[in-house]
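The values are calculated or read from the model by the stated rules, or taken from the named source; none is laboratory data. Remember, predicted model here, so these are calculated numbers, not experimental data. Here Cβ is always computed from backbone atoms with ideal geometry, including for glycine, and neighbour counts include all displayed protein chains.
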Amino acid sequence: MPDERTPRPLQPARVLVVEDDNLVQRALGRVIVAWGGSTKYAGSVAVARKLLRGFQPHVVLLDVRLPDGSGVEVAYEALATRSVRGIIVVSGQATAPEAFELGTLHITAYLEKPTNNKDIRAALIAAMVEPSPMGPLPLASLKARGMRALVEQVRVQAFNSAYLQAEGCIAETARLLGVSRQAVQRMVKQYFG
């Protein structure tokens, strides 16, 4: 199994880094380029909107708190583009309503700051390899399906994300989800037969 420093090809991934901290922007960009991707930076909602149209990214790496608005706005617009295969939220300051709203959208991963290269790499690979066809979950869907169905859908997505990030390792999936290995084995049987 490759270690954290071994690059996995992200070529020809285009990654839009939406982050208002220049140091974090550049650090993320260097890592993405080292793994074979190309990147553009946006420090605001306004710049991100322009780059979504012009750069046509495959993945959006997104902070929630931006000087001119919320990254949630960018997430909605990114989902409406044809090029975006995944959204990775990297934030330490999302409010409860923002986190809930992000939970109703297709995001590949939610990484809390500070994060590490291993988690970012796993999320980027997941976005490129396993893009979900799911877009924004309309409120009408909640009314029609009920809260239990929504909770189950979120649980399945969380499990799939952790399982993919752990590269199928039961122990690592259990660690990421904060559950026992036996619980993960039951979920594997339930979700994958």
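Quick one: count up the residues across the range 52-93 that are touching a strand residue (DSSP E or B) at 6+ places or on another chain (Cβ under 8 Å) and either among the β-branched types (Val, Ile, Thr) or in contact (Cβ under 8 Å) with a residue 24 or more places away in the chain (or both).
Residues that pass the stated criteria total 28.
So in the range 120-156, with the set limited to residues that are surrounded by 14 or more Cβ atoms within 10 Å (Cβ to Cβ) and at pLDDT below 75, which one is nearest to Arg186 (Cα to Cα)?
Among them, the one singled out is Gln153.
Any residue at all in the range 21-43 that is closer than 14 Å to Thr81 by Cα and in contact with a helix residue (DSSP H, G or I) (Cβ under 6 Å, 6 or more places away or on another chain)?
No, there is no match, as no residue in the range 21-43 is closer than 14 Å to Thr81 by Cα and in contact with a helix residue (DSSP H, G or I) (Cβ under 6 Å, 6 or more places away or on another chain).
Go through the range 12-32 and report how many residues are outside any strand (DSSP E or B) and under 12 Å from Leu124 (Cβ atoms).
Looking only at that region, the number is 4.
Could you go through the range 102-112 and let me know if any residue there is in contact with a strand residue (DSSP E or B) (Cβ under 9 Å, 6 or more places away or on another chain), buried (at least 22 other Cβ atoms within 10 Å of the Cβ) and under 19 Å from Arg26 (Cβ atoms).
No, because not a single residue in the range 102-112 is in contact with a strand residue (DSSP E or B) (Cβ under 9 Å, 6 or more places away or on another chain), buried (at least 22 other Cβ atoms within 10 Å of the Cβ) and under 19 Å from Arg26 (Cβ atoms).
Filter the helices (runs of 4 or more DSSP H) completely within the range 47-137 down to those with at least 3 residues that are farther than 18 Å from Ala158 by Cα.
Correct list: 71-79.
Residues of the range 94-122 being of a type in the set (A, V, I, L, M, F, W, C) and touching a residue at least 12 places away in the same chain (Cβ under 8 Å), which ones?
Result: Ala94, Leu102, Leu105, Ile107, Ala109, Leu111, Ile120, Ala122.
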